[in-house]
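Visitor: Just dropping this structure here.
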Amino acid sequence: MVKESFIARALALLLVLFPVATLAADAQDTSLARDRLVQARMGTLLNGPATLVLGNPDGDVTIIEFFDYTCPFCKAAEPRIQQLLSNDKNVKLVVKEFPILEPVSLIAAKAALASARQGKYAPFHRTMMDFRGQLTEELVFSLAMETGIDVERLKNDMQATEIADAVIANFNLARALRIFDTPTFIIGNHVVTEPSTTLDFAKAVAAARGK
């Protein structure tokens, strides 16, 4: 009876552990596959339409962020990203407008891309990322005005074909890389799967730099 009980417990344990191990292996395979996709499309990620760079353009480690201005997790991560850029002057941050959450997300993304034509992308980006509360179309233009942007020119520039094309290009790139959430970070050549709330950017950059 004791022997049978031991065998039963051992079999039960194997039944529990085997699926877990299988899931872990599948997750690892998926992660490696996504990283290979990133490596194959790195040229587009770094040089695609309306590629916008914050931090050091010549940094030895690149962070690519797919984000949405209405995403609370993106905004929660923003102070840590800014702290990283302040502490580590050798990091290049490439930001990818990925407006997937709200109708106003697209307006905000197009406004941000258009602000680059006035040389105001970086401050406008930070202003919208720092904003807390429900973002509306009216607020987007109000924040633009606060940033010193010519709003009438901004509205005209937002209608440019190149602006729409840049957003579409980011959507297509995200789909090709199996990116469906914001924020999604690529650090070095690796798609980060750890939740943004617990991601240690400095540690992840150091690991990428070590490779």
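Visitor: Once the dipole of the chain is set up with Lys and Arg at +1 and Asp and Glu at -1 on Cβ about the Cα centre, which of Leu139, Ser115, Thr184 lies farthest towards its positive end?
Guide: Farthest towards the positive end: Thr184.
Visitor: Local charge sum around Pro183 (other residues, Cβ-Cβ under 13 Å, Lys/Arg +1, Asp/Glu -1)?
Guide: Computed value for this residue: -3.
Visitor: Follow-up question, since we're still on this one. Note the direction-averaged projected area, equal to a quarter of the hull surface, for the Cα convex hull of the chain, in nm².
Guide: 15.1 nm²
Visitor: How large is the accessible surface per residue of the range 61-211, computed with a 1.4 Å probe and reported in Å² as a whole number?
Guide: For the range 61-211, the solvent-accessible area averages 47 Å² per residue.
Visitor: Give me the angle, in degrees from 0 to 90, between the Cα long axis of helix 2-40 and the longest principal axis of the Cα atoms of the chain, rounded to the nearest 10.
Guide: Once rounded, the angle reads 30 degrees.
Visitor: Please tell me the relative contact order of the chain in percent, rounded to the nearest whole number, where contacts are Cα pairs under 8 Å and at least six residues apart.
Guide: 28 percent
Visitor: Then there is this: Enumerate the lysines that Lys96 could reach by cross-link, defined here as Cα to Cα under 20 Å, with residues fewer than 8 away along the same chain left out.
Guide: Lys75, Lys110, Lys120
Visitor: Ser86 accessible area, nearest 10 Å², 1.4 Å probe?
Guide: 70 Å²
Visitor: For the chain, with a Gaussian network of springs between Cα atoms less than 10 Å apart, report the residue from Ile186, Ile64, Ile168 with the top mean-square fluctuation.
Guide: Ile168
Visitor: Using θ = phi - 60° and the Karplus form 6.51 cos²θ - 1.76 cosθ + 1.60, what ³J(HN,Hα) does each residue of the range 196-211 get, whole Hz, x for Gly and Pro?
Guide: With coefficients 6.51, -1.76 and 1.60, one gets 4, 5, 10, 5, 8, 4, 4, 5, 5, 5, 4, 5, 5, 5, x, 7 Hz.
Visitor: How large, in percent, is the carbon and sulfur part of the accessible surface of the range 41-121 at a probe radius of 1.4 Å?
Guide: Whole-percent figure for carbon plus sulfur exposure: 53.
Visitor: Also, quick follow-up: Which angle between 0 and 90 degrees, to the nearest 10, do you get for helix 103-115 versus the longest principal axis of the chain when only C-alpha atoms count?
Guide: Tilt of helix 103-115: around 60 degrees.
Visitor: What's the angle, to the nearest 10 degrees (0 to 90), between helix 137-146's Cα axis and the longest principal axis of the chain?
Guide: Computed tilt is about 60 degrees.
Visitor: Which whole-Hz ³J(HN,Hα) couplings does the range 186-193 yield from phi under the Karplus relation 6.51 cos²θ - 1.76 cosθ + 1.60, θ = phi - 60°, glycine and proline marked x?
Guide: 10, 10, x, 10, 10, 7, 6, 9
Visitor: Nothing charged except the Cβ atoms of Lys and Arg (+1) and of Asp and Glu (-1): what's the magnitude of the dipole of the chain about its Cα centre? Round to the nearest 20 debye. Write out the running numbers ahead of the final one.
Guide: Values: 22 positive and 24 negative charges, 118 e Å.
Roughly 560 debye, rounded to the nearest 20.
Visitor: Over the chain, with a Gaussian network built from C-alpha contacts below 10 Å, which listed residue (Ala76, Ala169, Ala112) shows the highest mean-square fluctuation?
Guide: Ala76
Visitor: Oh, and also: Nearest 500 deg cm²/dmol is fine: what mean residue ellipticity at 222 nm does the chain get from its DSSP H runs of n ≥ 4 alone, each adding -39,500 (n - 2.57), divided by its residue count?
Guide: Numbers: 9 runs with 128 residues, N = 211.
The helix-only estimate for the chain comes to -19500 deg cm²/dmol at 222 nm.
Visitor: Apply the Karplus parameterisation 6.51 cos²θ - 1.76 cosθ + 1.60, with θ equal to phi minus 60°, to every residue of the range 147-161 and state each ³J(HN,Hα) to the nearest whole Hz, in sequence, with x for glycine and proline.
Guide: Rounded to whole hertz, the list is 7, x, 8, 6, 5, 5, 5, 4, 4, 5, 5, 5, 7, 5, 4.
The values are calculated or read from the model by the stated rules, or taken from the named source; none is laboratory data. Computed from a predicted structure; not experimentally measured. We place every Cβ from the backbone using ideal geometry, glycine too, and count neighbours over all the protein chains shown. Heads up: the accessible areas ignore ligands, DNA and RNA and are worked out on the full protein's heavy atoms, side chains in. Shrake-Rupley method; radii C 1.70, N 1.55, O 1.52, S 1.80 Å.
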